[in-house]
Structures are given as structure tokens and as C-alpha cells.
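Below is one structure; the comments refer to it alone.
The values are calculated or read from the model by the stated rules, or taken from the named source; none is laboratory data. What you are looking at is a predicted structure, and each value in this text was computed from that prediction instead of being measured. Note: ideal-geometry Cβ built from the backbone for every residue, glycine included; neighbour counts use all protein chains shown.
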Amino acid sequence: MTPILLFLSLGTGEMLVILVVGLLLFGRRLPEVGRSLGKTFVEFKSGLQDMQAELREVDRIAEDRARRKPEPRPVDAIARGEALDAEAPSTSGDAEAGATEKVDGEPEPRT
């Protein structure tokens, strides 16, 4: 027989011996050990619930994004021959000499 199967087949006598040894080892600290084990179990369980809630939220967001129809990009509109509503940004005369304006409005040094 394997050692694992021998360990799983404990009788009443063996359980009593383990209980007596546990009482001798822990003695007065047994209630403290029980409380700390209970607190650890509760914290572990709440952590699992928090993680499950976050995963459900991520799944919900992913499903919402998948349901939404993606808006066409300006490149797609140009390829279809449609006119764009927004004008392309032009270079600013107020920008520093030697710098041009990027699309997002921040100056970019010339190379």
C-alpha cells in the first residue's frame, strides 16, 4: 500500500492519540491557534471573493466592448472616399523656432 492510503485510513484510536498529542503541544494556546486559523480562513475566503468579483467585472467589460460596433477610423473613411469632419492640425506660428506641432498639440523638435 502507498503511504498516502495508510494515512487516510485512521481509526478511532489513532485519532485520539493525535488529539492528545495536539493538546499536549498546544495546551493553553489552542484557542489562540483556532482563532488565528479562523481569521486566516475568513481573510482567504474574502480575498477569493474579491478576485472573483474583479474577474466578473473584467469579463463584463470585455463583453461590452465585443458587443459595441467599432467606430470607423479616419483612415478607413479616407479609403472609402468620405470627407472628414475634423480638419488636420496645422503648424502653429506660436511654436518655438525649430519645432513643429504634433497631432496631439505638443511641440516636437525637428531633426
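Give region 31-61 a look and list any residue that's closer than 27 Å to LEU19 by Cα and small (Gly, Ala, Ser), or say none. Passing the criteria: GLY34, SER36, GLY38. Checking ARG60, ARG35, ARG56, ARG28 one by one, the residue that is among the basic types (Lys, Arg) and exposed (fewer than 10 other Cβ atoms within 10 Å of the Cβ) is ARG28 and no other. Among the candidates PHE7, PHE26, PHE44, which residue alone is touching a helix residue (DSSP H, G or I) at 6+ places or on another chain (Cβ under 9 Å), hydrophobic (A, V, I, L, M, F, W, C) and either modelled with pLDDT under 85 or in a helix (DSSP H, G or I) (or both)? Result of the check over PHE7, PHE26, PHE44: PHE26. Please verify whether region 74-90 includes one or more residues that are among the small types (Gly, Ala, Ser), modelled with pLDDT of 70 or more and assigned to a helix (DSSP H, G or I). No - not one qualifying residue is present in region 74-90.
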